[in-house]
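Engineer: Before we start, here is the structure in question, set down as structure tokens.
Since every read-out is calculated from the coordinates, none of them should be taken as a lab result. The shown structure was predicted, so the numbers you read here are calculated from the model rather than taken from an experiment. Cβ placement follows ideal geometry from the backbone for every residue including glycine, while neighbour counts extend to all protein chains displayed.
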Amino acid sequence: MRLSYTVDAAHDSRAIRQLAMSPLRLSAKLWKHIKWNGTILVNGKAVRNARLRVRAGDALTMIWQEGSPVVPVDLPLDVLYEDEAFLIVNKPAAMIVHPTHREARDTLVHAVAGYFRSRGEAAGIHPLYRLDRDTTGIVILAKSARIQHAMTQCHGQIYREYLALVTGQLNREKGRIDMPIGRDTSKANHWQVRADGKRALTEYKVMASCPAYSLLKIHLLTGRTHQIRVHFSALGHPLLGDAAYGGPRDAIARQALHAWRVRFRHPLTGKEIQVQAPVSQDMRRLIGPNIVSRETPSFLYW
């Protein structure tokens, strides 16, 4: 990877290590990697002194090798978008994003490592967020730690929409859920609405419904663990298939949740990137002719 920057008047006489934090906004981890394992050039000449002060107009270049310690595995990968900074994929159900033990070889990052190996590409693998094992849909991966750091400074930098099938019919066609979420200490890997939890905000809109369940479009304003599942369970409308939070499993064998659309501003080009992931067959079957759409028939774009 190569990062080039021409020192402006506002940063005249700053040390290189100061520029790494601002305006370059490198994470502390990446800066250490560059300092000890990469190459730093000032006006084309290599320097080793991170305290060296540069002047306005100087050309600063940092070069480092990106890579990943993940073992490459040849697994199917549904690529939705790719450029020099990002790989965006459609994750299937029954796949976790990161390995939970050293012997794991069937995770999303293993599949991505296999994809990069098949293309002869030396890239980092940095998921910007996680989806639960049985949640399908869009996962954005940065190809460098620098891009990951730039994109994860605040939750709102990536606008994400989900589709969910919840039991019953909601009283309101759209709304905002503002309920704090904390760990349920009585169950492993389980969360609940509780007064001493962290604030959690979820926006929703009813897109279609039938007597037994409703299709919702959901936007997260915060990113708490299991936020969608916990919030709708607390409202008395758990997700179909989500037995952990009270949802029935007769119609679908997993939580009916799909990371549907994302939108963000590209940190290198400034261009707005929009990506949509097709809905998996098990959810699509339930959104079929028995559910009445409140929007145009093409609202799912398939």
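Engineer: Highest mean first, what order results for 277-287, 40-50 on Cβ atoms within 10 Å?
Structural biologist: 277-287, 40-50
Engineer: Provide the FRET efficiency to the nearest 0.05 for the His101-Ala15 pair, computing r from the beta carbons and using R0 = 41 Å.
Structural biologist: For His101 and Ala15, the calculated efficiency is 0.45.
Engineer: Test of understanding: in a Gaussian network model of the chain with alpha carbons linked when under 10 Å, which of Ala195, Ala85, Ala150 would top the mean-square fluctuation ranking?
Structural biologist: Ala195
Engineer: Using the beta-carbon distance between Ala188 and Ala253 and R0 = 25 Å, what value does 1/(1 + (r/R0)^6) give for FRET efficiency, to the nearest 0.05?
Structural biologist: Computed FRET efficiency for Ala188 and Ala253 comes out at 0.75.
Engineer: Would you kindly work out the equivalent ellipsoid of segment 2-63 from its C-alpha gyration tensor and give its semi-axes, the square roots of five times the eigenvalues, largest first in whole Å?
Structural biologist: Semi-axes from the Cα gyration tensor: 17, 13, 10 Å.
Engineer: Let me ask something else. When Arg261, Arg133, Arg119 are ordered from fewest to most other Cβ atoms inside 10 Å of their Cβ, what list results?
Structural biologist: Final ranking by Cβ density, sparse to dense: Arg119, Arg133, Arg261.
Engineer: Subtract the Cα-Cα distance of Val79 and Arg119 from 0.36 nm times their separation in residues, and report this length gain in nm to one decimal.
Structural biologist: Result: 13.1 nm gained on full extension.
Engineer: Ok, one more. Please identify, among Thr167, Thr136, Thr100, the residue showing maximal mean-square fluctuation in a Gaussian network model of the chain using a 10 angstrom Cα cutoff.
Structural biologist: Comparing Thr167, Thr136, Thr100 in the GNM, the peak value goes to Thr100.
Engineer: Which one, Arg176, Arg55, Arg249, has the greatest fluctuation when you compute a Gaussian network model over the chain with C-alpha springs under 10 angstrom?
Structural biologist: The residue that fluctuates most here is Arg55.
Engineer: Moving on to the next point. Compute the convex hull volume of the Cα atoms of segment 40-171, divide it by the residue count, and report the result per residue in Å³ as a whole number.
Structural biologist: 184
Engineer: When a footprinting reagent is the concern and you count Cβ atoms within 10 Å, what order do Asp132, Asp78, Asp196 take, fewest first?
Structural biologist: Arranged by neighbour count, lowest to highest, Asp132, Asp78, Asp196 become Asp196, Asp78, Asp132.
Engineer: If you fit an axis through the alpha-carbon atoms of helix 28-37 and take the longest principal axis of the Cα set of the chain, what angle between them do you get, 0 to 90°, nearest 10?
Structural biologist: 40
Engineer: Right, here's the next one. Would you report the distance distribution of C-alpha pairs in segment 118-171 as whole percents per 10 angstrom bin, up to the bin with the largest distance?
Structural biologist: Using 10 Å bins, I get a P(r) of 18, 38, 28, 11, 4, 0 for segment 118-171.
Engineer: Which net charge results when you count Lys and Arg as +1 and Asp and Glu as -1 among the other residues whose beta-carbon is under 9 Å from that of Ala15?
Structural biologist: Computed value for this residue: +4.
Engineer: Moving on to the next point. Dimensions of segment 155-302 along principal axes (Cα, Å, largest first)?
Structural biologist: 45, 42, 27
Engineer: What list of ³J(HN,Hα) values in whole Hz, one per residue of segment 88-100 in order, does the Karplus curve 6.51 cos²θ - 1.76 cosθ + 1.60 (θ = phi - 60°) give from phi, with Gly and Pro shown as x?
Structural biologist: 10, 10, 9, 6, x, 5, 6, 9, 8, 7, 10, x, 9
Engineer: Let me ask another. Would you list Val109, Val71 from fewest to most Cβ contacts within 10 Å?
Structural biologist: Result, fewest neighbours first: Val71, Val109.
Engineer: As a check on your grasp of the helix formula, calculate [θ] at 222 nm for the chain: sum -39500 (n - 2.57) over DSSP H runs of n ≥ 4, divide by the residue count, round to the nearest 500.
Structural biologist: After summing the helix terms and dividing by the residues of the chain, the value is -4500 deg cm²/dmol.
Engineer: Between Leu268 and Ala46, what length in nm is gained on full extension when 0.36 nm per residue of separation is reduced by their alpha carbon distance?
Structural biologist: Gain on extension, Leu268 to Ala46, equals 77.4 nm.
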